[in-house]
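So the structure is just underneath, and the comments pick up after that.
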Amino acid sequence: MKYFLILICTLGSFVTLAQRITISGKVIDRETKEVLPFASIGILGKPIGTISNLQGEFDFHIPANLRNDILAVNMLGYKTYQEPAWTLVGDSIIIRMEKSTQVLKEVVIMDSLKGGDILHIAISRIEENYPDKPFLMDGFYRDLKKVADTYISLLEAAVKIYDEDYREPRNKFKLRERVGLKEVRRSLGYTSKFTSFFDQDNLLEDLLLNNNIRYRQFPEEEIFFSSLNREKDSFYNGHEVFVVSHSKDYLLRLYIDKVTYGIIHLDYENHQQDELEKKRGLVSKFVWIKRVIDFKLYEGKLFLNYLTVDSKINWYDTETGELKFETELLRQLLINQIIPNTNERITSREKMKNYGLQYQDKEYNKEFWQNYNVIKESQLDKKIIKDLERDQPLEKQFIDE
């Protein structure tokens, strides 16, 4: 099932907890006051960062020795927000992002490029724009399982991810990264009778395989490239950006730097209705999948910033065709820190097992999670927490699991 979902689209801390400060805030549009989810928050020129949640909120834990550095907030279509970090410590702040009003230059040669031309160039330059030497990433992973309108399980993990480079792999569906599991916490919902109707493999490793840029998962037929549209150009981090899209059969939108042709952001949505597998007298049908991939620039290379995949599958009675229940799986990976050009490797002892994270032997470390950069819980998460705490508080579930 996991390969089908891919095929359809073709630091931890290095300082002690006592040496950290926290910047909390909310990112909104200056004019409309609308919240801005998935804004990138980081320290200028440093390999650490976080993102805002669906309500635009964030908690950013940083080493205290960076208090005099500049905090930067970036969002597609907006000017970069910058302020000294020390001025933002304390009460929760409101960051008002201003839409970019910069007038686009009139470019004769570039303006003649069509959507397919732009993506062709971008794919050909992946090895130039992305890491070409071994690197490590420190990341926060979360997956949520939902049956009908009820959330049944939560798993969160702190991980290290090692990769050699962004060279094109021979097998586009075989994981190249090596993943080390640092910490994990999980709710009791993993014992639910519905759990078996979700993939039992390592969902984090499967999530990494959804990186279309890393694994070159784009159709190769020329009909695909000729179908791409070039939309109105945009801005990101002070740079002009091409916007290329596809809307037939599925939705795909790519944001590509106009100078380097680096792909900095990808949105994908597919609503095909296909039969997947049979289990216990039921047959599953794919309903939709939504994918977001975002990159950030560090030392001249684009590194993964965050990756999210949300998928829905319905289960029907094989004889009557009656809908029995709906399942939804949300997976998120946020990269907190990048260590480029590293000599460090993930040892066999550190390496995460290939089977599901919920079965891996790691005790809950409460002190660690108190100061670790995660995707902040929001008002929208109250429903999730209420569902998951039907039997007992999550904190106790983390300990008991």
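Among (1) under 30 Å from residue 387 (Cα atoms); (2) among the β-branched types (Val, Ile, Thr); (3) at pLDDT 90 or above, which single condition is residue 184 missing?
It fails just one condition, (3).
Take residue 166 and tell me if it is touching a Leu at 6+ places or on another chain (Cβ under 8 Å) and farther than 29 Å from residue 389 by Cα.
no
Quick one: which residue in 162, 166, 141 is within 19 Å of the chain's Cα centre (by Cα), within 29 Å of residue 312 (Cα to Cα) and either of a type in the set (Phe, Trp, Tyr) or at pLDDT 90 or above (or both)?
Exactly one of 162, 166, 141 is within 19 Å of the chain's Cα centre (by Cα), within 29 Å of residue 312 (Cα to Cα) and either of a type in the set (Phe, Trp, Tyr) or at pLDDT 90 or above (or both), namely 141.
Starting from residues that are part of a strand (DSSP E or B) and more than 19 Å from the chain's Cα centre (by Cα), keep the ones in region 243-255 and report whichever is farthest from residue 72 (Cα to Cα).
Going through the qualifying residues, I end up with 250.
Residues are listed down the side, and each one gets a yes or a no for (1) part of a loop (DSSP other than H, G, I, E, B); (2) surrounded by 16 or more Cβ atoms within 10 Å (Cβ to Cβ); (3) out of contact with any helix residue (DSSP H, G or I) (no Cβ under 7 Å at 6 or more places or on another chain):
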{"position": "196", "(1), (2), (3)": "no, no, yes"}
{"position": "199", "(1), (2), (3)": "yes, no, no"}
{"position": "204", "(1), (2), (3)": "no, yes, no"}
{"position": "215", "(1), (2), (3)": "yes, yes, yes"}
{"position": "219", "(1), (2), (3)": "yes, no, yes"}
{"position": "225", "(1), (2), (3)": "no, yes, no"}
{"position": "235", "(1), (2), (3)": "no, yes, yes"}
{"position": "241", "(1), (2), (3)": "no, yes, yes"}
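Here's a check for you: in region 113-154, which residue that is surrounded by fewer than 18 Cβ atoms within 10 Å (Cβ to Cβ) and of a type in the set (Gly, Ala, Ser) is farthest from residue 264 (Cα to Cα)?
148
Out of the strands (runs of 3 or more DSSP E) lying entirely within region 26-104, which hold 3 or more residues that are β-branched (Val, Ile, Thr), under 25 Å from residue 240 (Cβ atoms) and within 25 Å of the chain's Cα centre (by Cα)?
none
Identify the residue in region 22-55 that is under 26 Å from residue 367 (Cα atoms) and of a type in the set (Gly, Ala, Ser) and, among all such residues, is surrounded by the fewest Cβ atoms within 10 Å (Cβ to Cβ).
Per the stated criteria, the residue is 24.
With 237, 270 as the choices, which residue is over 28 Å from residue 324 (Cβ atoms) and in the same structural domain as residue 329 (by TED's automatic domain parsing)?
237 is the lone residue from the list that is over 28 Å from residue 324 (Cβ atoms) and in the same structural domain as residue 329 (by TED's automatic domain parsing).
Considering only region 10-22, I want to know if a residue exists there that is more than 30 Å from residue 221 (Cα to Cα), at pLDDT 90 or above and part of a loop (DSSP other than H, G, I, E, B).
no
Just to be sure, is residue 123 of a type in the set (Val, Ile, Thr) and assigned to a helix (DSSP H, G or I)?
In short, yes.
Go through region 326-366 and give me each residue that's β-branched (Val, Ile, Thr) and part of a loop (DSSP other than H, G, I, E, B).
Those that are β-branched (Val, Ile, Thr) and part of a loop (DSSP other than H, G, I, E, B): 342, 346, 347.
For region 256-298, which strands (runs of 3 or more DSSP E) that fit wholly inside it have 2 or more residues that are surrounded by fewer than 18 Cβ atoms within 10 Å (Cβ to Cβ), of a type in the set (Asp, Glu) and out of contact with any Cys (no Cβ under 7 Å at 6 or more places or on another chain)?
263-270, 274-279
Can you tell me which residue is nearest to residue 57 (Cα to Cα) among those in region 67-92 that are of a type outside the set (Val, Ile, Thr) and either loosely packed, with under 14 Cβ neighbours inside 10 Å or outside the structural domain of residue 42 (by TED's automatic domain parsing) (or both)?
Step by step, filter region 67-92, then rank; the result is 92.
Scan region 299-325 for residues that are surrounded by fewer than 19 Cβ atoms within 10 Å (Cβ to Cβ) and assigned to a strand (DSSP E or B) and report the count.
Residues meeting the conditions: 8.
The values are calculated or read from the model by the stated rules, or taken from the named source; none is laboratory data. Bear in mind that the values here come from a model prediction, so they are computed numbers and not experimental data. Here Cβ is always computed from backbone atoms with ideal geometry, including for glycine, and neighbour counts include all displayed protein chains.
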